[in-house]
Amino acid sequence: MGAMSPAHWAIVAVVMLVLFGSKKLPEAARGLGRSLRILKSEVGEMHTDEPAALGTRIPEPSHETVSTTQAASTEGKALQ
């Protein structure tokens, strides 16, 4: 019941032909093919970029951190 038989596919094809016409179907198929080609190339590009992204390191914060009390007192002095 889950799979479509060849008769079902024929009915779907006839309905699409009636709805869209014989001139629009090749154009639609061509556009779909171009879209799938672009998607495939972008996914492939994403997979090739992935190892490079994993190899980059995130810079660690510097050791010159200011405590919150020092920052608050500095801000208070700057406002006066």
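The values are calculated or read from the model by the stated rules, or taken from the named source; none is laboratory data. Quantities reported herein were computed from a predicted structural model and do not represent experimental measurements. All Cβ positions, even for glycine, are placed from backbone atoms using ideal geometry, and neighbour counts span all protein chains on display. These accessible areas exclude ligands, DNA and RNA; they are computed on the full protein's heavy atoms, side chains included. Shrake-Rupley method; radii C 1.70, N 1.55, O 1.52, S 1.80 Å.
Table for the structure above
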read-out	value
In order through the range 30-46: 3J(HN,Hα) via Karplus (6.51 cos²θ - 1.76 cosθ + 1.60), integer Hz, x for Gly, Pro	5, x, 5, x, 4, 4, 5, 5, 5, 4, 5, 5, 5, 5, x, 5, 5
Inter-probe distance in nm under a simple model that places probes 7 Å from Cα toward Cβ, at residue 39 and residue 19	1.8 nm
Accessible carbon and sulfur surface of the range 1-47 relative to its total accessible area, %, 1.4 Å	73 percent
FRET efficiency for residue 49 and residue 27, using Cβ-Cβ distance with R0 set to 30 Å, rounded to 0.05	0.35
Counted charge near residue 34, where neighbours are those whose Cβ lies closer than 13 Å (Asp, Glu -1; Lys, Arg +1)	+1
